[in-house]
Amino acid sequence: MSDTRTAESTPPPPAEDPQQRDRGGALAFLVSHQSGVVIVVALVISLLVGAALIRYQGVDPFYAYTTLFKEAFQNDAYTRTLQKTAPLVLTGLAVVLPLRVGLFNIGGQGQFATGAIAGAWVAYAAGGAGWLGALLGMLAGLATGALVGVLVGVLKSWRGVHEVISTIMLNYIVAGVTFWLVVGPLQAESSKTSGIPQTEAIPESSQLGAVGGVPIGFLVAVVLAVACWWMLTRTTLGFKLNTVGANKSAAGYAGISISTITVLSLALGAGLAGLGGALEAEGTLFRFEPAIVGTLGFDGITIALLARANPLATIPAAFLVGILRTGAAGLQFATQTPDLPSGITPEIVDVLLAVILLMVSIPVLGKWLFRSRAAKVSVASTSWGS
């Protein structure tokens with residue numbers, strides 16, 4: 001009798017509001033995909049900042065952006081876009097692999113230059129070896145870049161030198177050594193009269209061309225990005241890399257050598273950056289000169305963070321940067337007016353990339369987007385009682 005009265009006196013639970021449930025579901029979806037949301041918001045903010053700067057110079061931002069993308073694809077410009085994308089994918093991977101171990105490799109600039117000069121010289125020295133000369137050049141770029149990474153890893157593992165410090169110092173050292181080489185032992189005969197520091201041109205038979213309009217370097221970069229993703233997700237080595245990055249203490253307790261993984265991740269990353277340099281030398285300039293490096297190494301940092309350390313995502317991220325880099329020169333020409341004789345300078349792309357890098361690298365953006373309601377939705381949707 002008593003139990004029956006209690007059951008009858010208990011009010012029924014309130015009916016769930018379908019609209020409230022839909023809002024919670026949408027927000028829960030955004031929270032579960034907040035990495036992608038942060039990237040989209042970062043891109044939108046960077047475009048708005050760029051639009052404000054373009055408008056300040058008296059140019060319609062919509063016209064400027066459409067011109068930027070049009071210049072990257074019209075006629076045969078897409079081939080140049082893919083050429084620029086290839087080294088960007090590899091310098092992005094050079095940051096991604098150590099990042100999965102918890103290391104920040106910002107030495108892509110030096111590693112790229114090392115591989116570029118080694119690849120250019122070996123491909124030239126191979127003479128008329130044809131595709132074998134191109135292959136030897138790529139292997140030389142891969143090996144020399146990896147050696148720089150091994151040096152960073154050894155300093156990190158056995159001497160406790162922070163990888164950020166050592167890679168910054170090596171960037172300067174490599175820049176000095178490569179410049180000395182192109183004005184000294186590896187200088188081309190034509191360079192001595194022109195005054196432009198560069199190595200001898202790679203024989204035409206060893207230059208990297210294109211297949212159906214797609215540069216060979218781009219194909220190599222895409223294959224390696226897929227291979228890195230497969231290695232990280234399907235192999236024992238990838239498991240070790242991810243475990244060390246997630247928890248070094250647990251990885252050490254499980255018998256994984258932290259020192260070996262540290263050196264290996266930096267060597268793999270730096271080797272890919274060096275290969276990117278070799279591809280750039282053999283497929284674009286067909287020789288080495290200091291200007292070949294540009295900002296490719298530093299762009300790799302933006303690409304890796306934009307890709308959220310996902311090797312496959314480095315492909316679209318690098319493609320986006322490649323579009324901006326290719327279209328920037330045409331944009332400057334298209335926006336030249338009597339009031340703005342120099343047009344929109346290509347440095348506007350540097351500003352866009354800097355804002356993107358700033359937005360995706362600061363956790364404040366994610367906290368601002370998801371701070372309070374995100375926590376509630378996350379608890380409601382993931383608690384054990386649900």
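For the reader, a short list of remarks on this structure follows.
- Test for VAL211: is it open to solvent by 20 Å² or more (accessible area, probe 1.4 Å), free of Cβ contacts under 8 Å to residues at least 60 places away in the same chain, touching a Leu at 6+ places or on another chain (Cβ under 6 Å) and at negative phi: no
- In the set (1) of a type outside the set (S, T, N, Q); (2) free of Cβ contacts under 8 Å to residues at least 12 places away in the same chain; (3) open to solvent by less than 20 Å² (accessible area, probe 1.4 Å), the condition left unmet by ILE261 is number (2).
- Residues within the stretch 284-314 that are farther than 30 Å from GLU204 by Cα and open to solvent by less than 50 Å² (accessible area, probe 1.4 Å), tallied: 11
- Restricting the search to helices (runs of 4 or more DSSP H) fully inside the stretch 289-361 and requiring at least 1 residues that are free of Cβ contacts under 8 Å to residues at least 60 places away in the same chain and more than 24 Å from ALA225 (Cα to Cα) gives 314-334, 347-361.
- Screening ILE117 on (1) closer than 20 Å to LEU181 by Cα; (2) open to solvent by 10 Å² or more (accessible area, probe 1.4 Å); (3) within 17 Å of the chain's Cα centre (by Cα) shows it passes everything except condition (3).
- Of all residues in the stretch 35-52, exactly one satisfies the criterion of being at pLDDT below 85 and open to solvent by 70 Å² or more (accessible area, probe 1.4 Å), namely VAL40.
- Here GLY108 does not fit the description of being small (Gly, Ala, Ser), out of contact with any Asp or Glu (no Cβ under 6 Å at 6 or more places or on another chain), open to solvent by less than 10 Å² (accessible area, probe 1.4 Å) and under 17 Å from ILE202 (Cα atoms).
- Residue that is hydrophobic (A, V, I, L, M, F, W, C), at pLDDT 80 or above, within 21 Å of the chain's Cα centre (by Cα) and closer than 30 Å to LEU135 by Cα, where the choices are LEU324, LEU285, LEU306: LEU324
- Listed by first and then second residue, the pairs linking a residue in the stretch 233-244 that is hydroxyl-bearing (Ser, Thr, Tyr) to a residue that is in a helix (DSSP H, G or I) and open to solvent by less than 80 Å² (accessible area, probe 1.4 Å), with Cβ atoms under 9 Å apart and 6 or more places separating them unless they lie on different chains, are THR233/ASN242; THR243/ALA250; THR243/ALA251; THR243/ILE261.
- Looking across the stretch 174-193, the residues that are aliphatic (A, V, I, L, M) and outside any loop (DSSP other than H, G, I, E, B) come down to VAL174, ALA175, VAL177, LEU181, VAL182.
The values are calculated or read from the model by the stated rules, or taken from the named source; none is laboratory data. A quick note: this is a predicted structure, and the numbers were derived from the prediction, not measured. Cβ sites come from the backbone with ideal geometry, for glycine too, and all protein chains shown count toward neighbours. What goes into the accessible areas is simple: the full protein's heavy atoms, side chains included, and nothing from ligands, DNA or RNA. Shrake-Rupley method; radii C 1.70, N 1.55, O 1.52, S 1.80 Å.
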